[in-house]
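Remarks on the structure that follows.
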Amino acid sequence: MLIEHSETILAVRDLTASVNGIPILNGLNLEVKAGEVHAIMGRNGSGKSTFSKVLAGHPDYEVTGGTLTYLGQDLLGMAPEQRAQAGLFLAFQYPLEIPGVSNLDFLRLACNSRRRYLGLSELDPLDFDDFIQAKLEIVEIDPAFLQRSVNEGFSGGEKKRNEILQMALLEPRLGVLDEIDSGLDIDALRIVAKGVNTLASPQNSTIVITHYQRLLDYILPDYVHVMEAGKITITGDRSLALELEERGYAWTEDAPEPLEIA
Ligand SMILES: Nc1ncnc2c1ncn2[C@@H]1O[C@H](COP(=O)(O)OP(=O)(O)O)[C@@H](O)[C@H]1O
Ligand SMILES: [Mg+2]
């Protein structure tokens, strides 16, 4: 495989994690190399969002075993803000609203924090205005959104586009996008996917978490993994997503029963 020599961005080994003492991740293994796009699919409740929260360092999610290595560093020893500065970007399923904080200020602070880490000069408000213009075009966001409070009153699609804008500004090494497609109409889905594809590079990698095959018509993954009961049970290429859809698995919010997919 042509990417065999690539740098390992993320290595997850036998990861177990609990929430409120309840085990949710049960021995998750995953390796992501530079330049790769991975899709994690799976029924609702299989632990996909829990995995993204653990990667972010959310305090409610306790890692009980295994290792998480990001760019050769022990991720578990890093505070959430250190992870972000080091280029780990998480777009959450339900982006946070921050009333009273202007989106523009928020994005500039986040961007400058990452730039400090990279040894780049910080951008003052005027420079940042220039810097952000080109990024706005990638996600087709109206500049008026910058003056509003972070995500406050944004529609579902606007929130997701704002997440991709943040990713475009931060230029992460690993972007983890949790259900970036949920609640999007087809036009917004195309814009979000275009943003993700524009930002993909041989140095960076992306994990897209979704339970719809639809997203993978626009973001073409190198690997597709199925998560079931807190671990990855099947890994394949893009055809796996199509096959699962054809075989009638209900990748929907209200799938009635757990499905056997092994
Ligand atoms: N904060 C929490 N408190 C209690 N249970 C949780 C919490 N977060 C997740 N869970 C449980 O963990 C399981 C996996 O959830 P989640 O990771 O959100 O799945 P997915 O994203 O695949 O739909 C579910 O049974 C869910 O109820
Ligand atoms: Mg989820």
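What follows is calculated from the coordinates using simple rules that are stated; it is not laboratory data. Keep in mind that what you see is a predicted model, and the values were worked out from it rather than measured. Heads up, the Cβs are rebuilt from the backbone with ideal geometry, glycines too, and the neighbour counts pull from every protein chain shown.
Okay, here's what the table says:
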| quantity | calculated |
| --- | --- |
| Quotient of C-alpha Rg and 2.2 N^0.38 Å, computed over the chain | 0.99 |
| Global geometry of the range 43-198, whether rounded, prolate or oblate, following the gyration tensor of its Cα atoms and the 1.5 cut on a/c | oblate |
| Order of His211, His58 - criterion: other Cβ atoms within 10 Å of each residue's Cβ, fewest first | His58, His211 |
| Kirkwood-type radius of the range 3-48, with distances r between different C-alpha atoms, in Å | 12.3 Å |
| Antiparallel %, DSSP beta bridges [both residues in the chain], to 5 | 60 percent |
| Of Lys160/Lys194; Lys33/Lys135; Lys135/Lys160; Lys53/Lys135; Lys48/Lys231; Lys53/Lys160, those spanning more than 19 Å from alpha-carbon to alpha-carbon | Lys33/Lys135; Lys53/Lys135 |
| Charge dipole (debye, nearest 20) of the chain; +1 at Cβ of Lys and Arg, -1 at Cβ of Asp and Glu | 420 debye |
| C-alpha long axis of helix 156-170 to longest principal axis of the chain, angle in ° | 70 degrees |
| Cα gyration tensor category, rounded, prolate or oblate, for the range 1-110 with a/c compared to 1.5 | oblate |
